[in-house]
Amino acid sequence: MNRRRVAVLISGRGSNMGALIEAARDPSYPAEIALVLSNKAEVGGLATAKSAGIATAFVDHKMFAGREEFERSMERLLEIHRIEFVCLAGFMRILSPWFIRQWQDRMVNIHPSLLPSYRGLDTHARALADGVKIHGCTVHFVVPELDAGPIIAQAAVRVHDDDSEATLAARVLAEEHRIYPEALALLAADRLSIRGNRVVTLPARPGVS
Ligand code: GRF
């Protein structure tokens with residue numbers, strides 16, 4: 001099977017990246033994690049990726065004159081590693097419309113809320129403050145608008161009466177680790193069709209997972 005080459009972009013602990021690496025250990029998984037790229041030095045995620053034997057790169061956004069120069073440098077690395085799909089996993093830089101266009105329909109993100117609710121930061125605290133009973137996470141294609149884009153997968157969790165931000169975040173994170181590898185598997189197997197704002201899952205072809 002021709003496994004698709006994926007880069008994961010991170011800025012921190014990289015637990016979602018870890019879940020993708022774990023899933024890709026299975027030889028029948030349709031993607032391999034070929035590169036982990038961080039804009040922060042010495043983050044936990046880089047250590048995890050290195051110990052899994054995965055190529056890593058650190059591109060310091062502060063070294064560059066501007067966003068475009070930073071992104072061109074990332075783009076070059078993605079080319080060198082012959083990357084076909086990009087997964088954002090806690091990557092804390094806003095990406096320019098230019099970069100997003102390069103990766104149109106080939107770049108996905110995980111967000112810790114049921115989009116379109118709670119775009120942006122502090123999603124768990126805001127969900128608790130609003131008193132919602134259901135919260136969750138979303139995997140979506142990346143478009144220039146922040147935390148928007150066609151939705152591939154979502155998982156909901158109940159909000160408990162005694163939840164703190166930390167307990168709610170942990171329950172959502174467990175679902176993130178489940179749905180992100182599932183969503184990437186569908187993407188890498190060419191089983192996602194974008195129709196306007198909707199993503200339709202196509203049936204598996206016989207003999208292909
Ligand atoms: C996750 O909650 C993800 O949804 C959000 O940033 C967090 C990253 O966590 N985009 P990790 O680095 O994957 O552990």
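Given the residues ALA127, ALA174, ALA166, which is the only one that is part of a helix (DSSP H, G or I), in contact with a Phe, Trp or Tyr (Cβ under 8 Å, 6 or more places away or on another chain), more than 24 Å from ARG3 (Cα to Cα) and modelled with pLDDT of 95 or more?
The unique qualifying residue is ALA127.
For the list (1) closer than 11 Å to VAL8 by Cα; (2) buried (at least 20 other Cβ atoms within 10 Å of the Cβ), I need the number of the one condition that PRO30 fails.
(1)
Residues in segment 132-144: is at least one within 11 Å of the ligand (Cβ to nearest atom) and not in a strand (DSSP E or B)?
No: zero hits.
Does at least one position in segment 5-19 carry a residue that is surrounded by fewer than 21 Cβ atoms within 10 Å (Cβ to Cβ) and more than 11 Å from the ligand (Cβ to nearest atom)?
Looking through segment 5-19, at least one residue is surrounded by fewer than 21 Cβ atoms within 10 Å (Cβ to Cβ) and more than 11 Å from the ligand (Cβ to nearest atom).
Just to verify a result, which residue in segment 52-106, among those that are open to solvent by 50 Å² or more (accessible area, probe 1.4 Å) and within 16 Å of the ligand (Cβ to nearest atom), is farthest from TYR180 (Cα to Cα)?
PHE58
Are any residues in segment 142-165 of a type outside the set (Ser, Thr, Tyr) and over 21 Å from the mean Cα position of the chain (by Cα), and if so, which ones?
ARG158, VAL159, HIS160, ASP161, ASP162, ASP163, GLU165
If I ask for residues that are of a type outside the set (A, V, I, L, M) and either open to solvent by less than 50 Å² (accessible area, probe 1.4 Å) or within 15 Å of ILE110 (Cβ to Cβ) (or both), which ones from segment 172-190 would you list?
GLU175, GLU176, HIS177, ARG178, TYR180, PRO181, GLU182
The values are calculated or read from the model by the stated rules, or taken from the named source; none is laboratory data. Please read these numbers as outputs of a predicted model, since none were measured by experiment. Don't worry about glycine lacking a Cβ; one is built from the backbone with ideal geometry, like all the others, and counts go over all protein chains shown. Keep in mind that these areas ignore ligands, DNA and RNA; they rest on the heavy atoms of the full protein, side chains included. Shrake-Rupley method; radii C 1.70, N 1.55, O 1.52, S 1.80 Å.
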